[in-house]
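Have a look at the structure below, then the notes.
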Amino acid sequence: MDWPAEPWRKLYTRETASWAAMGHRAQQCALMWLRTCEPDGSISATPEQIARLWRWPADEVAEGIEMLCQVGTLAALEHG
């Protein structure tokens, strides 16, 4: 691995009320989203495509993304 050339993202670790209120699927999806999103925070794919990318069951990904959208962590846009 070429560490200086690798992209990275900062992950805050403090436990917050909003984080604690999310279900475990939303928390899992949030962490994977940070790991795989573009630098602007987007993923231009459907939940089914994201599930294949993450190699997760599609229903778990769809449920987690829906929860993240409900609490305002993610927003569905036309381009992704």
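Taken together, the values in this text are just the output of simple stated rules run on the coordinates, not laboratory data. It should be emphasised that the depicted structure is a prediction, and the values quoted were computed from it without experimental measurement. Heads up, the Cβs are rebuilt from the backbone with ideal geometry, glycines too, and the neighbour counts pull from every protein chain shown.
Of the residues ALA17, ALA45, ALA58, the one that moves most in a GNM of the chain with alpha-carbon contacts below 10 Å is ALA17. Placing unit charges on each Cβ (+1 for Lys and Arg, -1 for Asp and Glu) gives the chain a dipole about its Cα centre, and among SER44, ALA75, LEU34 the Cα reaching farthest toward its positive end belongs to LEU34. The modelled label-to-label distance between ARG52 and MET1, using points 7 Å beyond Cα along the C-beta direction, is 2.7 nm.
Using helices alone, what [θ] at 222 nm do you get for the chain, with -39,500 (n - 2.57) per DSSP H run of 4 or more residues, divided over all residues and rounded to the nearest 500? Computed ellipticity for the chain at 222 nm equals -14000 deg cm²/dmol.
Across all Cα atoms of the chain, the radius of gyration (one decimal) and Dmax (whole number) stand at 13.2, 38 Å. Only Cα pairs under 8 Å and 6+ residues apart enter the sum, and on that basis the relative contact order of the chain stands at 31 percent.
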